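The values are calculated or read from the model by the stated rules, or taken from the named source; none is laboratory data. Note that the coordinates shown come from a computational prediction; the quantities given were computed from them, not determined experimentally. Here the Cβ positions follow ideal geometry from the backbone for every residue, glycine too, while neighbour counts run over all protein chains shown.
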């Protein structure tokens, strides 16, 4: 069992992460009762399709923490790839912390893909043909509507 001050430090960090998620417009989030030890796994519960495990420790065992996040994701009915380990850099102050998220590489690539704008420089032939025909059709429609007035 962690000493009381270490538990409080962890709770403060979880609350900080929740505030940041809500400020970014990701919906309502709450600390998980028992911080992942109960029926709901992970440290933060919200409507996102990820399980969040928060760590605010001076010396972190990275692989053990990643395994914990993955295992809790599976136990908590998430995909074993839908987890995020949120880590506070212990060298930074609580008032202005540096915080990092560790996720599965393929989930990270999917997040990048969803966030990326399409980079089409010119429409392909089929799209160009459809646009051209639509313009012709709209001009004909415009003439018909003007003729009815």
Boolean, residue 30 is within 19 Å of the chain's Cα centre (by Cα) and modelled with pLDDT of 95 or more = no
note = residue 129 fails exactly one of (1) surrounded by 11 or more Cβ atoms within 10 Å (Cβ to Cβ); (2) assigned to a helix (DSSP H, G or I); (3) modelled with pLDDT of 90 or more; (4) more than 20 Å from the chain's Cα centre (by Cα), namely (3)
inquiry  = in contact with a helix residue (DSSP H, G or I) (Cβ under 7 Å, 6 or more places away or on another chain) and free of Cβ contacts under 8 Å to residues at least 60 places away in the same chain: which single residue out of 77, 56, 47, 71 fits that description?
reply    = 56
inquiry  = Given the condition modelled with pLDDT of 90 or more and under 12 Å from the mean Cα position of the chain (by Cα), answer yes or no: does some residue in segment 52-73 qualify?
reply    = yes
